[in-house]
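Peer 1: Dropping a structure here in structure tokens format, bear with me for questions.
The numbers here are math on the coordinates, done by the rules we state, and not lab data. Quantities reported herein were computed from a predicted structural model and do not represent experimental measurements. Heads up, the Cβs are rebuilt from the backbone with ideal geometry, glycines too, and the neighbour counts pull from every protein chain shown.
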Amino acid sequence: MKKEDTVKLISAEGMEFVIDKEAAMVSQTIRNMLTSPGGFAEAEHGEVTFPEISAVILEKICQYFYWSLQYSRGKETEFHIEPELTLELMMAANYLHT
Amino acid sequence: MPVLRSRDIPPAPPKPPKSRSNVDPPATPTQGREQPLPAARLSSPHSLPPYPKTAGSVSGSAPSSLRRSLRLSSKGSSNAGDQVGLPEVEKCIESRNGDVSKKQKLSVDVDGGFESGGSRVLSLRSGEKVIKGSPLGDGDDGGGGGCDEVVESNKKGKSIVESEYIEKSKRNNEKESVDRKRRFSREEKGKGKLVVESDLESKHENLVGGSVPDVELPAEEVKSPDEQPSKRSNGRTNGGRMERFRDTARRNASRFAYFNAQEEEEEEDNNNLSMEAEREIPSVEEQIEEKVVEDWPGPFSTAMKIIRDRAANLNVRQGSSSSGQAPSVQIKWVPQKGKGKDGSKRLPPSLLDLSLRVLVDNADAIVSLDHVPDAMRHKLCRMLCDRRQMNTNLLDLLLSGSPTEIRLKECSWLTEDKFTECFEKCDTSNLTVLQLDYCGQCLADYNIPSTLARSPTSLLALTTLSLTGAYRLSDAGLSVLVSSAPALRSVNLSQCSYLTHGAIEILASSLASVLLELFIDDCQSIDAMLMLPSLKKLEHLEVLSVAGLESVTDKFIKEFISARGAGIKELILSGCGKLTDSSLKIIAETCSILRALDIGNIPKLTDNSFGYLASGCRSLESLKLCRNAFSDDAIAAFLEMSGEILKELALNNVGKVGHNTALSLARRSKNLVSLDLSWCRNLTDEAMGLIVDSCLSLRVLKLFGCTQITDVFLYGHSNANVEIIGLKLSPLLVHIKGPVESPLQYSSVSSLI
């Protein structure tokens, strides 16, 4: 993975997740951050911090990104969510607009 | 010998010459030509009452004169007096203008020739105006075969008619052929044969207003083949004759449009097909080929004309010669396979939906809803209520802390005890939105003081209150509630059948200056007229819903709208069956900032309503119809005028919706987001495809009951964003998304503080 194709998502605890830009763009919020012409720091450095999202949830979110890309390419599987994560996951998903 | 239009041709015309000589008006300098009567006179299969007075004209023209006299007398012509029939007509006209006599003579002659053309005779009966043709110099082709002069028996505009008549006849002298051909055209909203019509249109251009058809036979011959089939199709019954009368009337109507400057005749009832009904659209100047009886402001009538001409022109191009068949506007749309939306490809569900589903499945395991934003809470509650899995535990969770918004779309599971238990200990001081729909079982007068209205300040922050279905709530209970909630902006008391007009008085007394929205659907004990004084006191009312209240009448609307209409933004009147077009007129004139209107299930509304709406409510974004009797043309014309800003349109079960509407939608509705065409069975796959591919903002299309739509449309349209609901057997609730729930629909709460 080249540097230019990736973004880094940083959770509340500081854990960093490096994923493809294409996967991150599934989230409308991240897409706006990275593509808007405002000269945002996120766009420049390719890093986005989420001080309110924990690592577990952020990990699940990244899994969802890749699952979503797979789904739209035709491979339709099921995305399993552990019940204990759902509430926080829902709120994070709402924030990320995904 | 002209080919007669009528099928009925008696063997021998009864002494035509006699009639002619008899009808010679004294002052009429004849043009030296007598209209030769056709050899075969249209025998009237219809018996004519004997006309005792016209001794002279008894013979050949007796029938025609008889008929004419009947018509004239029915018109109540002042000149009718004793004389009936042709002489009378001449008199009338003569009295107007000396010149006319000349024409009269011609007409008289023509009348003589009327017998030949059954249609002419018949048209007399129908009260259509007899345009005095100018057979001057026309080839004597054997009697006025095609004289389509119909004396208009327009009671209202008799004088105008007469003067027009005169002028027309003057003008007609040069344009006989054109006139004649025009006469033969049958155009009725695209019906009939317009092939000939198109030829004539070019000739018509130099004609301003109408032109009197002349009696030239050649033209008639040209026409007659066209005419005959249609004539034949009309049948010989009286009904068929009426049909022809109307058609002729419609044809001739345009001739009189020229005289709008002198007087404008307007008729209220568009559907009045009585024979003496010939009115003119004020603004129309060019030829109109159909009967125009609508009372519309200028732009709308022009739009209507455009719609109708569009259909007419298309028919002409197609060369359709249908008889009695309503030709449909052709829609060209080719499904683009492989482009755009691929039927099998689906978007991945959003993480939000996925997690919400899992959450709802495991709702019992939810421990706390702290920090969950209100929007999430509402989504959760909505799904739980839909699945009927809502319970008191969750309600406790919702009410814990100091909630700001509570929305329960369905509280029928909640018992009175549990309700009291939960709300007794709830801190409602920060509550801004409280929605307890279908709370009849749990809410009564006696438990309000202990739960919701514990103190006069318990609901200080409440702006939106919805207690639908509270059938045990009386005026007194409402009074207690309202006294604790002085800041209410939106109140929904639908289906609270115990409330009377006293409830509105209570609202008006304490909330007169703040209440913005009031919903009292189906509150059957509230009498509209009794609540009117209180209703008028609500100074800033923006939204009013009185759906289903039978006591809502035109009078109510008139008085209320006159008082408060200027500030109304949304009006829901569905099911108020007593309303008529006059209410719409007032609404259109007064409610200039109206944004949403629901007039479903009001059967008495006619196309005139659309005329008013198009000219009046320029900000209309949402229009909902259901089971209305509007015509395709009216809706299409309305869309042409106001379709640009429309965002939501429901044409549920408006059966006449057809291709004109589809075309107008495709051309105008660029901002349309939601469209409901359920039960509109006249729309084909092509029409749907055109709509969907052209309305690029469209997101939701409802097609319940449209069994005529096939996969050709479903998989052939290229709009990837639209969601089509109602065609396949899929769970309904999947598609029904909740409305965007904000506390107030047209204002933001902060703006009120």
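Peer 1: What list of ³J(HN,Hα) couplings, whole Hz, do you get for the stretch B:491-505 from phi and the Karplus terms 6.51, -1.76, 1.60, once you set θ to phi - 60° and write x for glycine and proline?
Peer 2: So the Karplus estimates, Gly and Pro as x, are 10, 10, 10, 5, 6, 8, 6, 8, 6, 10, 5, x, 4, 5, 4 Hz.
Peer 1: Give a residue-ordered list of calculated ³J(HN,Hα) values for the stretch A:87-98 (Karplus: 6.51 cos²θ - 1.76 cosθ + 1.60, θ = phi - 60°; whole Hz; x for Gly, Pro).
Peer 2: Along the stretch A:87-98, the couplings run 4, 5, 4, 4, 5, 5, 5, 5, 5, 7, 6, 10 Hz.
Peer 1: Please work out the Cα center distance from the stretch B:564-629 to the stretch B:432-450, rounded to the nearest Å.
Peer 2: The stretch B:564-629 and the stretch B:432-450 have Cα centres separated by 33 Å.
Peer 1: Using the Cα gyration tensor of the stretch B:573-722, with a ≥ b ≥ c the square roots of its eigenvalues, what is the shape: rounded (a/c below 1.5), prolate (a/b larger than b/c) or oblate (neither)?
Peer 2: prolate
Peer 1: Okay, moving on. Can you compute log10 of I(q)/I(0) for the stretch B:492-572 with the Debye formula, treating each Cα as one identical point scatterer, at q = 0.11 Å⁻¹?
Peer 2: Log10 I(q)/I(0), no solvent term: -0.23.
Peer 1: Determine, for B:LEU677, B:LEU541, the number of other Cβ atoms within 10 Å of each Cβ, and report the residues in order from fewest to most.
Peer 2: B:LEU541, B:LEU677
Peer 1: In what sequence, highest mean first, do B:359-368, B:655-664 appear when ranked by Cβ atoms within 10 angstrom?
Peer 2: Result, highest mean Cβ count within 10 Å first: B:655-664, B:359-368.
Peer 1: At q = 0.12, 0.16, 0.18, 0.23 Å⁻¹, what log₁₀ I(q)/I(0) does a Debye calculation on the Cα points of the stretch A:3-96 give, no solvent, two decimals?
Peer 2: Debye intensities relative to I(0), on a log10 scale: -0.37, -0.66, -0.83, -1.27.
Peer 1: How crowded by other chains is B:636-645, given as the mean number of beta carbons from other chains within 10 Å of each beta carbon?
Peer 2: Per residue, the number of nearby Cβ atoms from other chains is 0 on average.
Peer 1: Right, another one. Distance cut-off 30 Å, Cα to Cα: go down the list A:LYS60/B:LYS409; B:LYS379/B:LYS656; B:LYS379/B:LYS647 and report the pairs above it.
Peer 2: A:LYS60/B:LYS409; B:LYS379/B:LYS656
Peer 1: Further question: Between B:ASP396 and A:ALA41, what is the spin-label point distance in nm, taking each point 7 Å from the Cα along the Cα→C-beta axis?
Peer 2: In this crude label model, B:ASP396 to A:ALA41 measures out at 4.5 nm.
Peer 1: If you take every residue apart from B:ALA650 with its C-beta less than 10 Å away from the C-beta of B:ALA650, what net charge results, scoring Lys and Arg +1 and Asp and Glu -1?
Peer 2: Here the charged neighbours net out to -1.
Peer 1: If we count other beta carbons within 10 Å of each Cβ, what is the order of B:ILE557, B:ILE506, fewest first?
Peer 2: Least to most surrounded, the residues fall as B:ILE506, B:ILE557.
Peer 1: Calculate one ³J(HN,Hα) per residue across the stretch B:523-531 by plugging θ = phi - 60° into the Karplus curve 6.51 cos²θ - 1.76 cosθ + 1.60, and present them in order as whole Hz with x for glycine and proline.
Peer 2: With the stated coefficients, the stretch B:523-531 comes to 7, 5, 8, 8, 8, 4, 5, 6, 8 Hz.
Peer 1: If you take each beta carbon of peptide A:78-85 and count the beta carbons of other chains within 10 angstrom, what is the mean?
Peer 2: Partner-chain Cβ atoms within 10 Å, mean over residues of A:78-85: 4.
Peer 1: Starting from the amide H of B:GLU723, placed 1.01 Å from N in the peptide plane, find each other amide H under 5 Å away whose residue is 5 or more places distant or on another chain.
Peer 2: B:VAL700, B:LEU701
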